[in-house]
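The values are calculated or read from the model by the stated rules, or taken from the named source; none is laboratory data. The structure presented is a predicted model; accordingly, all values stated were derived computationally and were not measured. Neighbour counts are summed over all protein chains in view; Cβ atoms, including those assigned to glycine, are modelled from backbone coordinates with ideal geometry. Side chains are part of the model used for accessible areas, which takes the heavy atoms of the whole protein and leaves out ligands, DNA and RNA. Shrake-Rupley method; radii C 1.70, N 1.55, O 1.52, S 1.80 Å.
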There are 2 protein chains.
Amino acid sequence: MKTADPELMRAINRFNVLDTIRRHGPISRVEISERTELSTTTVSAITASLLDDGLILTRHEGDIRNAAARGRPRVMLELNPEAARVVGAKIAANRMVFAVTNFRGEVLSNLTLPIRVDRQPIAVIADLIEDGVRRCVVDADLSLDDIDSICIGLPGVVEHRTGHVRSSPIFRETNVDFASEMTSRLDVATIVESDAHAITLAHHWFGRARDLDDMVLVSLEQTLGLGVLHAGQLFRGAGGLSHNLGDLVLGVGRSETIRLSMLAGEKAILGEHAMDGRFAEAVRLGRGMTHAQTLIAAEDDALIAAASRAGEAIGLAVANIVTLFGPPRVVIVGSSLSLGTVFVESIGRSYRDAIPPSISTVAELVFDESADETWAQGAAVVALCELYESPWGTTGPAPAL
Amino acid sequence: MKTADPELMRAINRFNVLDTIRRHGPISRVEISERTELSTTTVSAITASLLDDGLILTRHEGDIRNAAARGRPRVMLELNPEAARVVGAKIAANRMVFAVTNFRGEVLSNLTLPIRVDRQPIAVIADLIEDGVRRCVVDADLSLDDIDSICIGLPGVVEHRTGHVRSSPIFRETNVDFASEMTSRLDVATIVESDAHAITLAHHWFGRARDLDDMVLVSLEQTLGLGVLHAGQLFRGAGGLSHNLGDLVLGVGRSETIRLSMLAGEKAILGEHAMDGRFAEAVRLGRGMTHAQTLIAAEDDALIAAASRAGEAIGLAVANIVTLFGPPRVVIVGSSLSLGTVFVESIGRSYRDAIPPSISTVAELVFDESADETWAQGAAVVALCELYESPWGTTGPAPAL
DNA sequence: CCATTTATTCCCCAATGCGGATTAATTCAG
DNA sequence: CTGAATTAATCCGCATTGGGGAATAAATGG
C-alpha cells in the first residue's frame with residue numbers, strides 16, 4: 001500500500017504538469033495552471049524544478065493568443081527533446097523494426113530488418129535484436145550510453161511487471177525472462193511489452209486516440225492482440241498480463257474449441273493460398289496481406305470468402321470487448337487491414353449485428369493501417385512512460401521496483 | 001484532473017486506515033501502522049480524528065498477542081457499527097430482497113418479497129421497492145431518517161455514475177434515471193448498481209474473495225452478470241457501465257447471433273419445461289432452479305442435456321474473461337448453481353478445455369451458492385463504499401459529485 | 001515500589017500547495 | 001518618448017500534512 005506523503009503529492013502534480021506540457025505542445029504556465037487546476041504558484045514551482053532538471057525548455061516566441069496581446073507575454077514551455085533517448089522495437093515473425101526516439105517520442109532513426117525469426121532459439125533472436133538496437137542507435141548518431149531505456153514489443157502474452165514472456169509465437173520456449181536477457185546484453189534498462197500495448201500507446205500519444213483517455217485497441221497481425229487504455233493508462237490484467245485476443249473462444253466445434261486466431265489469424269485467412277509459390281514468397285517477406293489484397297482485387301473468390309469470414313469473427317470479438325469494457329472508441333490496426341474493404345466492411349457489419357442494442361451507440365470503430373515504424377515508436381513510448389513516472393529528482397538510473 | 005493537495009493526501013491515508021480497521025477487525029494502532037506503512041504518529045492523528053467523528057470505537061480488551069504481554073497494552077480499534085446505516089436491495093424478476101446493515105456491513109434486518117415485478121411500469125416497481133425499503137427499515141427498529149444511503153442492485157446494464165439504468169430485464173423502458181426516482185421518493189441518497197457488482201463486493205468484504213484485491217465474479221441468474229475487482233475497487237468500464245455477460249456473443253447461427261444468454265440464461269436451461277404446470281408454478285415462485293435440480297436428480301434427460309450445454313457455454317465465457325483479465329480467482333455465483341453437479345462440472349470441464357494452456361494456471365474457479373440476503377448485503381456494501389470515500393470531515397449529508 | 005517494556009502522544013521539522021502582494025515585461029495612449 | 005494599463009510570473013507567509021525522536025502512559029516482573 002503506497003503511503004501518501006508530500007513526496008507522492010509532488011510526484012503526482014509533477015507528472016500531471018509534465019504530461020500536460022507533453023500533450024499540449026508549447027504551453028504557458030498560465031494555461032498549465034488552468035488545465036491542471038493547480039495554482040499558478042505551484043505550477044511555477046514545479047516548472048522551475050523541471051527546467052532545473054533539464055526536462056523542459058522555455059521558448060519566448062509563439063504566444064498565439066488573440067492579436068491584442070497586452071501585458072507581459074507568456075513564456076512557452078515544451079519538452080526538452082534532449083532530456084532522454086529511448087529505443088523501441090517491434091518484433092514480428094518475419095521482421096524486426098526499431099526506432100530511436102527523443103524525450104518527445106519523435107523518431108530520430110529507424111530500421112527495419114526483414115528477417116524471419118520465429119521459432120529460432122532465444123539466443124539467436126536476442127542476438128538479432130541486440131544487433132538491430134545497436135545499429136539503429138548508431139544510425140541516430142548516438143551511442144548506447146546515450147540511451148536511457150529500451151522497450152521490446154513482442155506478440156503474445158507478456159508479463160510486463162516481471163519482464164517475462166509467457167508465450168509468444170516467435171519463441172519456442174515459454175516463460176522466458178526476456179527483459180533480463182536483453183538488459184544484460186545491452187547494459188541498458190530494457191523492458192518487455194506486448195506489441196498491442198505498444199501500438200495502443202502510440203495511438204494515444206500520436207494517433208487516433210490522442211483526444212481520449214479511455215479506449216480499446218485491437219491489433220490484427222499474425223497474432224491478434226488487445227490494448228485497453230483506462231484513465232490514460234494501459235490496463236494490464238490483474239497480474240500485469242497482456243491480453244491475447246487470439247485465444248478468445250468463439251464456439252466449440254466437433255472435437256475442438258474454435259479460437260479467434262483459427263478464424264482470423266493471418267494463416268487462417270490466407271489458408272491454402274499460402275502454399276502457392278509466388279504467394280508463399282510474399283508471405284515470407286511479410287507482404288502476404290498486401291499480396292492477398294491484389295488477389296482480392298482480382299476477385300479471387302476463395303480469398304474473398306476467407307477475408308469475409310475472418311472479418312465476421314473479428315466483428316463478434318470486438319462486440320464482446322465493447323460489451324465488457326464499454327470504451328468510447330475502438331481503434332483497429334494491423335497488417336490484416338491491407339486486405340481492403342471486403343475485410344473491413346465485414347468487420348463493421350458483423351460488429352453492428354452483434355453489438356447489443358442497449359450499447360450500440362457507446363463505441364465508435366476506427367480503422368488505421370499503422371506503419372511498422374509507428375509500432376516501434378509505440379514501444380519507445382512505453383519506455384518513455386516508465387521514465388515519466390519514475391522519481392526524477394533522485395538521480396538513480398536504476399528504477400528498482 | 002484531480003489536483004493533489006494536502007487534503008487529498010489526508011483523504012487517502014484516512015481511507016486506508018479506515019479500510020484497514022474494517023478488514024482486520026479490532027486492531028491496534030501499532031498494527032495499523034505496520035500494515036499501512038504509515039508512521040505511528042500519523043496513524044495516531046488519523047485515528048483520533050476517526051474517533052472524533054464517531055466512525056470507530058476503542059476497545060480495551062482483546063489484546064491477543066503472545067501471553068507474555070509486557071508493556072502498555074494495545075488499545076484495539078474497530079468500526080463503530082452505529083456510525084451509519086444503509087439499505088441494500090436486490091431486485092430480481094420474481095423477488096425483491098432488502099437488507100439494512102450497520103456501518104460494518106452487518107445485517108440488522110432483512111426482508112424478502114416474493115413478488116414478480118418484471119415488465120411492470122417503472123412507477124409500480126418503484127412503489128414496491130419503496131415499500132420494501134420502508135418495511136425493512138422499520139423491521140430494524142429504525143426510521144428512514146436514520147438511513148444514510150441506499151443502494152438498489154438491479155440486473156442489466158447500469159450506469160453507476162449517473163444512476164441511469166440503460167437496460168434491464170425488469171424494466172420495460174430503457175435509460176431510466178432510477179437513482180433520481182428513488183431518491184426523491186425516499187428522500188435519502190439512493191444509488192443504483194448492477195446486481196453483479198453488488199455480489200462482487202459482498203464476496204470481497206465477507207465471502208470467497210476476502211483475501212484478494214483482484215478477482216472476477218460471474219453471476220448466473222436470470223441475467224448473466226460480471227463483476228471485476230481491480231486493485232480493491234470495482235472496475236467499471238470506461239463510462240461507468242456495468243458489464244452484461246449475457247450479451248456476449250458465442251457465435252453466429254444461421255440467421256442470428258448466438259448470445260450467451262440464449263444458451264445459459266434461466267429460460268434457455270429450463271426451456272419447454274417451463275411450460276409444464278407444476279414447473280411453471282415453481283419458476284413463478286423463483287424456485288425454478290431448485291425444482292430443476294430435483295428433476296435432474298430424477299434423471300430427466302432433456303434437462304440434464306440443457307444444463308450441460310449451458311455449463312459448456314459458461315465455461316467458454318469464463319475462459320474468455322480469464323484471457324482478458326487474468327484474475328487469480330473467478331467466483332461463480334447465482335441461482336443457476338442449484339442445478340447441481342451436472343451444471344457445475346460442465347462449466348469446469350468446458351473451462352479447462354477452453355482456457356489457453358499458457359494461462360491455465362492463472363485463475364482458480366470457485367463456486368458459491370450465495371443466499372439472496374448476501375446479494376442485498378452486497379448492495380449495502382456498495383452504499384457503504386461510497387460513504388467511506390466521501391470527505392467525512394465535512395458534515396454535508398449530500399455528497400454532491 | 002521501582003525498573004522494564006511497550007503503546008501512544010507530544011513537539012518540532014521539512015515539504016507541499018495556496019492566496020495575496022510584488023515584481024517583470026509587454027502594449028497602448030498621449 | 002514616457003507613463004498608465006495589463007497580464008505573467010514570482011515571492012512571502014500561512015495552514016496542512018507526514019515523519020522522527022523525545023516524552024508520557026500503562027501495563028508486568030521482581
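Here is how the numbers come out for the structure above:
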{"item": "Options A:T101, A:C385, A:T223, ranked by Cα towards positive dipole end of chain A, top entry (Cβ charges)", "result": "A:C385"}
{"item": "Per-copy distances of the A:R185 label point, shortest first, in nm (7 angstrom along Cα→Cβ)", "result": "6.6"}
{"item": "For segment B:210-369, size of Cβ-based charge dipole, Lys and Arg +1, Asp and Glu -1, in debye", "result": "300 debye"}
{"item": "Charge dipole (the protein assembly as shown, unit charges on Cβ, about Cα centre) - positive-most of A:G315, B:I115, A:A238", "result": "A:A238"}
{"item": "Ellipsoid equivalent to segment A:6-82 - semi-axes via the Cα gyration tensor, in Å", "result": "21, 14, 10"}
{"item": "Bridge type composition, chain B - antiparallel percent by DSSP, nearest 5", "result": "65 percent"}
{"item": "For the protein assembly as shown: accessible area per residue (Å², 1.4 Å)", "result": "42 Å²"}
{"item": "Solvent-accessible area of B:F325 with every protein chain in place, 1.4 Å probe, in Å² to the nearest 10", "result": "10 Å²"}
{"item": "Residue closest to axis [chain A; rotation mapping onto B; Cβ; Å]", "result": "A:G251, 2"}
{"item": "Rg/Rh for the protein assembly as shown, where both radii come from Cα atoms and Rh is the Kirkwood radius", "result": "0.99"}
{"item": "Highest-first arrangement of A:315-324, A:201-210, A:26-35, where packing means the average Cβ count within 10 Å", "result": "A:315-324, A:201-210, A:26-35"}
{"item": "Estimated D of segment A:210-369 in µm² per second, where Rh is the Kirkwood radius over Cα pairs and Stokes-Einstein applies at 10 °C, 1.306 mPa s", "result": "98 µm²/s"}
{"item": "Net charge contributed by nearby residues that have their C-beta within less than 12 Å of B:T42 (K/R +1, D/E -1)", "result": "+1"}
{"item": "DSSP beta bridges in segment A:89-199 [antiparallel fraction, %, rounded to 5]", "result": "65 percent"}
{"item": "For chain A, radius of gyration divided by Kirkwood radius, i.e. Rg to Rh on alpha-carbons", "result": "1.00"}
{"item": "Accessible-area composition of segment B:210-369, carbon plus sulfur, in percent [1.4 Å probe]", "result": "49 percent"}
{"item": "Eligible lysines near B:K90 by straight Cα distance, threshold 22 Å, same-chain separation 8 or greater", "result": "B:K267"}
{"item": "DSSP H segments from chain B that extend 18 Å or more along their own axis, Cα-based, with Kyte-Doolittle mean of -1.0 or above", "result": "B:6-23, B:122-139, B:301-325, B:341-354, B:372-389"}
{"item": "Antiparallel bridges, percent of DSSP beta bridges restricted to the protein assembly as shown (to nearest 5)", "result": "65 percent"}
{"item": "Peptide-level mean, for B:318-331, of C-beta atoms on other protein chains within 10 Å", "result": "6"}
{"item": "Debye intensity ratio I(q)/I(0), log10, segment A:101-219, q values 0.12, 0.14, 0.15 Å⁻¹ (C-alpha model)", "result": "-0.47, -0.65, -0.75"}
{"item": "Using a 7 Å Cα-to-Cβ projection, B:L144 label spacings across copies, nm, ascending", "result": "7.3"}
{"item": "Charge dipole magnitude, Cβ of K and R +1, D and E -1 - segment B:312-382, Cα centre, debye nearest 20", "result": "260 debye"}
{"item": "Proximal lysines to B:K2, defined as alpha-carbon separation beneath 18 angstrom and excluding residues fewer than eight positions away on the same chain", "result": "A:K2"}
{"item": "Computed Kirkwood radius, in angstrom, where 1/r is averaged over Cα pairs of segment B:1-143", "result": "18.0 Å"}
{"item": "Bins of 10 Å, starting at 0 and running to the largest distance - Cα pair percent for segment A:323-379", "result": "20, 45, 29, 6"}
{"item": "Cβ-vector label at 7 Å, B:S360, separations to other copies in nm", "result": "4.1"}
{"item": "Cβ charges +1 (Lys, Arg) and -1 (Asp, Glu), total dipole of the protein assembly as shown, debye", "result": "280 debye"}
{"item": "Estimated buried accessible area (total), pair B and A, 1.4 Å, Å² to nearest 100", "result": "4300 Å²"}
